[in-house]
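S.K.: My questions will all concern the structure given below.
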Amino acid sequence: MSVGVAILGSTGSIGCSALQVLGRQRERFRVAALTAYSNAELLERQAAEWGPAYVGIVNGGKGDEGRGKGKGVQCLVEAATHPDVQIVVNAIVGAAGLEATLAALRAGKRVALANKETLVMAGELVTRTARECGGEIVPVDSEHSAVLQCVTGRESTELARLILTASGGPFRTWTPQRVAGATVDEALRHPTWKMGKKITVDSATLVNKALEVIEAHFLFGLPYDAVEVVVHPQSVVHAFVEFVDGSVLAQVGFPTMELPILYALTHPARVPDAGTRRFDPVAAGTLTFEPVSTDLYPAYSLGRGAAATGGTAATAFNAANEVAVELFLEGKIRFGRIGETIARVLDQHHAGDAATLEAVLAADAEARRLAREAAWR
Ligand code: NAD
Ligand code: MG
């Protein structure tokens, strides 16, 4: 029997890559549910190709609700908890993915998680839900997949330190003054990865790496001072893991999300797959590593600060960033304003306990309100 997979956000960058992977693994997996936000046309084509038991669209689509079809935000939870689904690929961008992750974990399913924002906004709640309900979170993010691949089969007490790599984004060689005035087009020109707009901007501010540090803390249980970041412009080494004896393992490969997506579906097993370019060290060329410049990426330091504060500070950091990135992409604020907005929100936020959904949602809403105000001042 094949394993039923739901893809939430199937029309996005990760969603489409996941379908690419599943297209080569039809004996092992079937697509059991698909959801999209508003791209009804692509969703319909995907549904016609895969014949899932459930298809949902959050916003729009034709009026045809019926057996196996859903509309509105509740379709995410319906897809995530569908009886035909064993693995939920959460490829939604931003806070909108939280409830579906929680619902899938409560139903005891595996969540192949690309939607890192929700582990940042509610890490304690999400990991506790997984523990208590028998659900499982397996990262899709390439750095975290790399760590998982290095630590699988080891005890957590053998782990000493993680070093996540960051490409440095398109502004790695710019001056901070020039970066502050960067245009949307410039911010969307990522040197090594082709991704959705929000994460591409997050890679330019390095907020993405701050989110990933928090994500790693919750996934692997290490304190923040044991989760380091190094800039590695070639994006060939995805992460290093240091063990207590001082030995270091790394996972390497040409940048592609298809490998981490496949691994999230099959972990801890590996299955044959001929779909991605095989690694060639000579073609990879010279690999370089640099420290993170805090002058160039002020928002990265803010994220680490929020992580150290703990509780809802990370929730506020994530919410402020989501609002600021949206305003930047709409052309309403300049690039440098993203970090300034986050800083103002964190200054005003009173971090509290982030253990319940109510507390997390309240902190998220408050930070969004503060961010909308702060962005203009
Ligand atoms: P994307 O913008 O290409 O796709 C996101 C998808 O989410 C959309 O296509 C839509 O179907 C859905 N969506 C958006 N808003 C929604 C809402 N309010 N409710 C329900 N569904 C909604 O983004 P992406 O690049 O595929 O990224 C998705 C997630 O994966 C993000 O959290 C990102 O950080 C993470 N991620 C992406 C990559 C990558 O290579 N693209 C790598 C690592 C992690
Ligand atoms: Mg990543």
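The values are calculated or read from the model by the stated rules, or taken from the named source; none is laboratory data. Since we're looking at a predicted model, the values are computed, not measured. Every residue, glycine as well, gets a Cβ built from its backbone with ideal geometry; the counts of neighbours run over all protein chains shown. The accessibility values were calculated without ligands, DNA or RNA, using every heavy atom of the protein model including side chains. Shrake-Rupley method; radii C 1.70, N 1.55, O 1.52, S 1.80 Å.
S.K.: Show me the helices (runs of 4 or more DSSP H) entirely contained within region 268-345 in which 1 or more residues are of a type in the set (Asp, Glu) and either out of contact with any helix residue (DSSP H, G or I) (no Cβ under 9 Å at 6 or more places or on another chain) or not assigned by TED's automatic domain parsing to the domain that holds Val252 (or both).
M.R.: Qualifying helices (runs of 4 or more DSSP H): 313-329.
S.K.: If a residue must be surrounded by 24 or more Cβ atoms within 10 Å (Cβ to Cβ) and assigned to a helix (DSSP H, G or I), how many such residues does region 88-116 contain?
M.R.: 7
S.K.: I'd like to check something: does region 51-71 contain any residue that is in a helix (DSSP H, G or I) and near ligand 1 (Cβ under 9 Å from one of its atoms)?
M.R.: The answer is no, given that none of the residues of region 51-71 is in a helix (DSSP H, G or I) and near ligand 1 (Cβ under 9 Å from one of its atoms).
S.K.: Is one or more of the residues making up region 199-210 acidic (Asp, Glu), open to solvent by less than 10 Å² (accessible area, probe 1.4 Å), within 21 Å of Asn115 (Cα to Cα) and touching a strand residue (DSSP E or B) at 6+ places or on another chain (Cβ under 8 Å)?
M.R.: Checking region 199-210: not a single residue is acidic (Asp, Glu), open to solvent by less than 10 Å² (accessible area, probe 1.4 Å), within 21 Å of Asn115 (Cα to Cα) and touching a strand residue (DSSP E or B) at 6+ places or on another chain (Cβ under 8 Å).
S.K.: Can you pull out the residues in region 202-217 that are assigned to a helix (DSSP H, G or I) and either over 13 Å from the mean Cα position of the chain (by Cα) or of a type in the set (Gly, Ala, Ser) (or both)?
M.R.: Ser203, Ala204, Thr205, Ala210, Ala216, His217
S.K.: Assess whether Ser38 counts as being modelled with pLDDT of 95 or more, among the hydroxyl-bearing types (Ser, Thr, Tyr), assigned by TED's automatic domain parsing to the domain that holds Ala114 and within 16 Å of ligand 2 (Cβ to nearest atom).
M.R.: For Ser38, the condition - modelled with pLDDT of 95 or more, among the hydroxyl-bearing types (Ser, Thr, Tyr), assigned by TED's automatic domain parsing to the domain that holds Ala114 and within 16 Å of ligand 2 (Cβ to nearest atom) - is not met.
S.K.: In this structure, is Leu19 touching a Cys at 6+ places or on another chain (Cβ under 9 Å) and free of Cβ contacts under 8 Å to residues at least 40 places away in the same chain?
M.R.: no
S.K.: Considering only residues that are closer than 22 Å to Arg368 by Cα and either away from ligand 1 (no atom under 14 Å from the Cβ) or of a type outside the set (Val, Ile, Thr) (or both), which ones fall in region 92-113?
M.R.: Across region 92-113, the qualifying residues are Gly94, Ala95, Ala96, Gly97, Leu98, Glu99, Ala100, Leu102.
S.K.: Okay, next question. Output the residue which, of all residues in region 252-277 that are within 15 Å of Ala146 (Cβ to Cβ) and exposed (fewer than 13 other Cβ atoms within 10 Å of the Cβ), is nearest to the chain's Cα centre (by Cα).
M.R.: Filtering region 252-277 for residues that are within 15 Å of Ala146 (Cβ to Cβ) and exposed (fewer than 13 other Cβ atoms within 10 Å of the Cβ), the one nearest to the chain's Cα centre (by Cα) comes out as Pro268.
S.K.: List the residue pairs whose Cβ atoms are under 7 Å apart, where the first residue sits in region 100-128 and is among the basic types (Lys, Arg), the second is within 16 Å of ligand 2 (Cβ to nearest atom) and assigned to a helix (DSSP H, G or I), and the two are 6 or more positions apart or on different chains.
M.R.: Lys116/Leu211; Lys116/Glu212; Lys116/Glu215
S.K.: Can you give me the number of residues within region 346-364 that are out of contact with any helix residue (DSSP H, G or I) (no Cβ under 8 Å at 6 or more places or on another chain) and not in a loop (DSSP other than H, G, I, E, B)?
M.R.: The total comes to 5.
S.K.: Now a separate question. Could you count how many residues in region 20-46 are within 12 Å of ligand 1 (Cβ to nearest atom), within 21 Å of the chain's Cα centre (by Cα) and open to solvent by less than 40 Å² (accessible area, probe 1.4 Å)?
M.R.: 3
S.K.: State all residues of region 218-251 that are of a type in the set (Asp, Glu) and over 20 Å from the mean Cα position of the chain (by Cα); if no residue qualifies, say none.
M.R.: Correct list: Asp225, Glu242, Asp245.
S.K.: Okay, next question. Quick one: which residue in Val5, Val77, Val85, Val31 is more than 16 Å from ligand 2 (Cβ to nearest atom), closer than 15 Å to Val111 by Cβ and assigned to a strand (DSSP E or B)?
M.R.: Val5
S.K.: Further question on the same structure: Return the residues of region 135-188 that are out of contact with any Ser or Thr (no Cβ under 9 Å at 6 or more places or on another chain), in a loop (DSSP other than H, G, I, E, B) and either within 25 Å of Leu259 (Cβ to Cβ) or within 16 Å of ligand 1 (Cβ to nearest atom) (or both); say none if nothing qualifies.
M.R.: Val140, Asp141, Thr152, Gly153, Arg154
S.K.: Can you tell me which condition Pro191 does not meet? The list is (1) in contact (Cβ under 8 Å) with a residue 60 or more places away in the chain; (2) open to solvent by 30 Å² or more (accessible area, probe 1.4 Å); (3) within 16 Å of ligand 1 (Cβ to nearest atom), and all the others hold.
M.R.: All conditions pass for Pro191, except number (1).
S.K.: Would you confirm, using the coordinates I've provided, whether His238 is away from ligand 1 (no atom under 15 Å from the Cβ), in contact (Cβ under 8 Å) with a residue 60 or more places away in the chain and surrounded by 19 or more Cβ atoms within 10 Å (Cβ to Cβ)?
M.R.: No.
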